[in-house]
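Right, one structure below, let's go through it.
The values are calculated or read from the model by the stated rules, or taken from the named source; none is laboratory data. Because the structure is predicted, anything quoted here is derived from the model rather than measured. As a convention, Cβ positions derive from the backbone with ideal geometry for all residues, glycine included, and neighbour counts pool all protein chains shown. For accessibility, only protein heavy atoms count, side chains too; no ligands or nucleic acids. Shrake-Rupley method; radii C 1.70, N 1.55, O 1.52, S 1.80 Å.
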Amino acid sequence: MFPVIENNSERKEVSVLKPEKEISFLDHKKDRIIRDRFFEHFSIKNILNFLTRNNGDLSFKIENNRVVFESKNPFLELPDGYGYKGGAARAVLRTALGLNIISPRDIDLIRLSDEAYPGADEELAQKYMGADFEFGDGVECLESVDEYFNSRDFTCNEVLVLKDKIIVSEACVRDTLRNIIRVSCYEKNAWNNTLGPKVMAKALRFYVQHISDFGYAELASDDRSCIERAFINPFWIAVHLDRAFEVSNEVAEKFLEILKRFEIVDVSISTPEELIIYLMNEIDGDFYFRNAPQTQYDLESESIHSTMSPTDIFEDFCDKKYFGHTY
């Protein structure tokens, strides 16, 4: 069965297995070595035959280094030519592979053909995209499936769901099965075989979010080497801190922890709220958090309505909220 996705009004947990005991890092490492050896010795066809052997509603074929899963039951009631990507597509793929899932917070709709009927894009966006639609996001029009796959930032995003089909790269299948966060070849080529600041911040957020959702994750070793002690523009840290808060305060805390562990922000920053203050100072108040704690909204509200300079607003806010504290 595939996850039933109706709207993004709330986030529901589905089929999340709770470990009976705490699993150590060494246990994870041992499991990873065994898992990697297994995947190295078998073709993608053999792996998928094993994983889908008991699912009579699902079949697959392999075409040009991509896997196309077909199901007898559509995942969403969408017109022909429409589909979705992102977290919803990843959840459907994980279900097909028999993995634990977290129901997606949102659905990113795409279209590969002409609009199904006048007003279809807006109607579908209102139905399935919820809050994103309120912020001006709608159905994304794609030129082709090839164009889509040749422009993904991570291998785990090399997946697209079209009505009753899942189209996914072989690399995405292998990395999804192992919970590996790996920057795509396309993204590395765009930065001369290295990583840009945006994708580094996103990789760290994906990493801690996967750990929060599934209990374990890895950063691809080459990517980890690029990110350690790298400079990441404070704007991109702010963007992904805000998205971490969208998931939970716990994920925001883990995001701060990994930033400190990789020596990207100073270890003296002890809470996500302190990181917000640091970032707001670094980017001159040109960023507004949508999902941060209420105190952050207070600061942003003051900056909108005040005639003081950004520096004076910031200092006045900290004096009120953190009087007697180091900030």
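Near the amide H of LEU219, within less than 5 Å, lie the amide hydrogens of ILE181, all on another chain or at least 5 residues away, with H placed in the peptide plane.
Rounding to the nearest 20 debye, state how big the charge dipole of segment 160-280 is about its Cα centre with +1 on each Lys and Arg Cβ and -1 on each Asp and Glu Cβ.
Roughly 440 debye, rounded to the nearest 20.
In this view, the solvent-accessible surface of SER43, computed with a 1.4 Å probe and all protein chains in place, comes to about 50 Å².
Note on PHE214 and HIS41: the extension gain reaches 59.8 nm, defined as 0.36 nm multiplied by sequence separation minus the Cα-Cα distance. All other residues whose Cβ lies under 15 angstrom from that of LYS188 are scored, Lys and Arg at +1 and Asp and Glu at -1, for a net of -1.
Database remark: amide H of PHE154 closer than 5 angstrom to the amide H of SER184 (H placed geometrically; neighbours at sequence offset of 5 or more, or on other chains; Pro and chain starts carry no H). Annotation: amide H-H contacts under 5 Å for PHE60 (H modelled 1.01 Å from N, sequence separation of 5 or more, or interchain): GLU70. Extension gain for SER225-ILE62 works out to 55.4 nm (0.36 nm per residue, less the C-alpha to C-alpha distance). Counting heavy atoms of the protein chains alone, ARG90 has an accessible area of about 60 Å² for a 1.4 Å probe.
Between the alpha-carbon centres of segment 68-120 and segment 220-286 there is a gap of 31 Å.
Accessible area ranking (1.4 Å probe, heavy atoms, ligands and nucleic acids excluded), largest first, for ILE166, ILE33: ILE33, ILE166.
Counting only protein heavy atoms and using a 1.4 Å probe, the accessible area of ASP146 comes to about 80 Å².
The listed residues TYR128, TYR216, TYR278 rank as TYR278, TYR216, TYR128 when sorted by accessible area, largest first, using a 1.4 Å probe. Placing +1 on the Cβ of every Lys and Arg and -1 on the Cβ of every Asp and Glu, with no other charges, gives segment 69-110 a dipole of roughly 220 debye about its Cα centre. Given their separation in residues at 0.36 nm each and the Cα-Cα distance between them, THR194 and ASN233 gain 12.5 nm when the chain is fully extended.
Using R₀ = 41 Å, calculate the FRET efficiency as 1/(1 + (r/R₀)^6) where r is the Cβ-Cβ separation of ASN54 and SER268; round to 0.05.
0.20
Checking the cross-link pairs LYS30/LYS260; LYS163/LYS188; LYS202/LYS254; LYS163/LYS202; LYS165/LYS198; LYS85/LYS165 against a 19 Å limit on the alpha carbon distance flags LYS30/LYS260; LYS163/LYS188; LYS163/LYS202; LYS165/LYS198 as lying beyond it.
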